[in-house]
Amino acid sequence: MATVQDVAAYILAKAGPMTAMKLQKLCYFAYGYHLAWEERQLFPERFEAWANGPVAPALHAKHRGRFQLKRGDVEGDATALDDDERESVDIVLESMGVFSAHELSSMTHREGPWVHARERAGAQHLERSNEELLDLEISDFFNALIDREG
C-alpha cells in the first residue's frame, strides 16, 4: 500500500507545482474516491478536520512552512502506487486538478466527513481541530457523490 507521501509525490510529478493546500485537498479527494471505487484505503494515514478542510498531518509535517510545492519537495515514491491507485489519482487529477486550492477547500466544507468531524469536536468556524475523519463517513459520502454523478 502506498503512503500519503507517495501519493503526494505522484500528484506533484504528474500535475506540477501547486500550493500545499491544493496538494492536501487533492490527496483527500483521491483518498475518498479510491475508498468508494475500490473499497480500500489509498494510504493508511488519517485526515483531520482542520479549519481549512481535511488535512493529513503526516503529509503536513513534510511540507510545513512551505506555500508552493514542486516535484521532489515531498519525499515519497511516486512509483509505489499500484495500477488501481494510480487510476484513482489520475481520474481525480483530470476532474479536479483544474480547481484552485480554495475551491477544493470549499467543496469539503459543504457537507460530509469534514463537517461531521467538526461537529463531533464542537469546533467553531476557523477554530483548530484535530478530530479524525472516519473512513465509514468518507466512504458513504463519496459513494453518494458517485451515485449523483451518474
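Exactly one residue out of Tyr10, Tyr28 is crowded, with 24+ Cβ neighbours inside 10 Å and more than 20 Å from Phe141 (Cα to Cα), and it is Tyr10. For the residues Leu35, Leu59, Leu42, Leu23, the requirement of being assigned to a helix (DSSP H, G or I), open to solvent by less than 40 Å² (accessible area, probe 1.4 Å) and in contact with a Phe, Trp or Tyr (Cβ under 8 Å, 6 or more places away or on another chain) singles out Leu35. Inspection of region 61-70 identifies at least one residue that is among the aromatic types (Phe, Trp, Tyr), over 15 Å from the mean Cα position of the chain (by Cα) and over 16 Å from Ile11 (Cβ atoms). Within region 62-73, the set of residues being at pLDDT 95 or above and crowded, with 18+ Cβ neighbours inside 10 Å comprises just one member, Leu69.
Quick grid of which residues meet (1) outside any loop (DSSP other than H, G, I, E, B); (2) closer than 23 Å to Gln41 by Cβ; (3) not basic (Lys, Arg):
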{"site": "Asp90", "(1), (2), (3)": "yes, yes, yes"}
{"site": "His102", "(1), (2), (3)": "yes, no, yes"}
{"site": "Ser105", "(1), (2), (3)": "yes, yes, yes"}
{"site": "Glu111", "(1), (2), (3)": "no, yes, yes"}
{"site": "Trp114", "(1), (2), (3)": "yes, yes, yes"}
{"site": "Ala117", "(1), (2), (3)": "yes, yes, yes"}
{"site": "Gln124", "(1), (2), (3)": "no, no, yes"}
{"site": "Glu127", "(1), (2), (3)": "no, no, yes"}
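Of all residue pairs spaced 6 or more apart or on separate chains, those with beta-carbon atoms under 6 Å, a first member in region 102-115 that is at positive phi and a second member that is buried (at least 16 other Cβ atoms within 10 Å of the Cβ) and in a helix (DSSP H, G or I) are Gly112/Phe141.
Screening region 120-150 for residues that are touching a residue at least 40 places away in the same chain (Cβ under 8 Å) and among the aliphatic types (A, V, I, L, M) and picking the one that is surrounded by the most Cβ atoms within 10 Å (Cβ to Cβ) gives Leu133.
Against the condition of a type in the set (S, T, N, Q), within 11 Å of the chain's Cα centre (by Cα), closer than 22 Å to Glu132 by Cβ and open to solvent by less than 30 Å² (accessible area, probe 1.4 Å), how does Gln5 come out, does it pass?
It is false that Gln5 is of a type in the set (S, T, N, Q), within 11 Å of the chain's Cα centre (by Cα), closer than 22 Å to Glu132 by Cβ and open to solvent by less than 30 Å² (accessible area, probe 1.4 Å).
The values are calculated or read from the model by the stated rules, or taken from the named source; none is laboratory data. Just so you know, these numbers come straight off a predicted model, no measurement behind them. Neighbour counts are summed over all protein chains in view; Cβ atoms, including those assigned to glycine, are modelled from backbone coordinates with ideal geometry. Keep in mind that these areas ignore ligands, DNA and RNA; they rest on the heavy atoms of the full protein, side chains included. Shrake-Rupley method; radii C 1.70, N 1.55, O 1.52, S 1.80 Å.
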